[in-house]
Amino acid sequence: MARFTSTKLFDGYSTCFRQWRADGTHCKFLHGYAVSFRVWFEGDLDQRNWVWDFGGMKRAKAKINGMSPKAYFDYLLDHTTIIAQDDPYLEKFKRMYEDGVIQLRVLPATGCERFAEYLYAVINKFLFEETEGRVQAIKVEVYEHERNSASYEE
């Protein structure tokens with residue numbers, strides 16, 4: 001049985017984060033990027049002969065944390081500060097959020113590799129529900145900018 005793949009690039013996000021464990025490098029400081037990510041979709045074709053509707057993240061019935069996928073990606077990545085849940089300064093970042101200084105998002109870990117892993121899991125859960133198992137993400141690649149990226153696939 002043939003399987004098809006397609007890809008979609010999600011871009012236009014301004015995201016700030018830090019890798020607090022990165023002693024000896026400038027990555028331990030807060031820094032921002034024009035973050036984007038690409039998803040590789042795999043599955044059987046639908047009645048339109050598509051693996052995945054490229055506009056499907058806007059029109060989806062299934063939700064991610066109660067939001068459309070597009071709205072969730074905006075919520076997670078657009079003009080946000082992402083901090084690892086074990087960052088020793090997390091409480092200070094929470095206070096900045098409460099004071100309206102940052103839009104704080106807390107994830108298990110930070111960095112392109114961990115963002116790719118996180119998005120992979122979130123997108124696959126969504127795709128399973130949305131397509132009743134017909135489509136899955138086989139790879140997610142997160143870009144800090146056009147020269148640096150990291151990916152996750154199982």
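Quick notes
- Flag for Thr5 being over 27 Å from Glu129 (Cα atoms), of a type in the set (S, T, N, Q) and modelled with pLDDT of 95 or more: no
- Selected residue [touching a residue at least 24 places away in the same chain (Cβ under 8 Å) and either closer than 16 Å to Val142 by Cα or of a type outside the set (A, V, I, L, M, F, W, C) (or both)] from Asp53, Asp11: Asp11
- Being out of contact with any helix residue (DSSP H, G or I) (no Cβ under 8 Å at 6 or more places or on another chain), closer than 25 Å to Phe126 by Cβ and at pLDDT 95 or above is a property that Phe17 has.
- The condition (being at pLDDT 95 or above and over 30 Å from Asp53 (Cβ atoms)) is satisfied by just one residue among Leu119, Leu104: Leu104.
- Among residues of region 115-139 that are closer than 27 Å to Gln19 by Cβ and touching a residue at least 24 places away in the same chain (Cβ under 8 Å), those with a beta-carbon under 7 Å from a residue that is of a type in the set (D, E, K, R) and assigned to a strand (DSSP E or B) at least six positions away or on a different chain give the pairs Ala116/Glu141; Ile138/Glu42.
- Filter result for the condition that a residue is out of contact with any Lys or Arg (no Cβ under 7 Å at 6 or more places or on another chain) and surrounded by 15 or more Cβ atoms within 10 Å (Cβ to Cβ), over Phe17, Phe4: Phe17
- Among the residues of region 34-64, just one is in contact with a helix residue (DSSP H, G or I) (Cβ under 6 Å, 6 or more places away or on another chain) and loosely packed, with under 13 Cβ neighbours inside 10 Å, namely Lys58.
- Of the criteria (1) of a type outside the set (A, V, I, L, M); (2) surrounded by 18 or more Cβ atoms within 10 Å (Cβ to Cβ); (3) more than 16 Å from the chain's Cα centre (by Cα), which one His31 fails: (2)
The values are calculated or read from the model by the stated rules, or taken from the named source; none is laboratory data. Quick caveat: nothing in here was measured; it's all calculated off a predicted structure. Every residue, glycine as well, gets a Cβ built from its backbone with ideal geometry; the counts of neighbours run over all protein chains shown.
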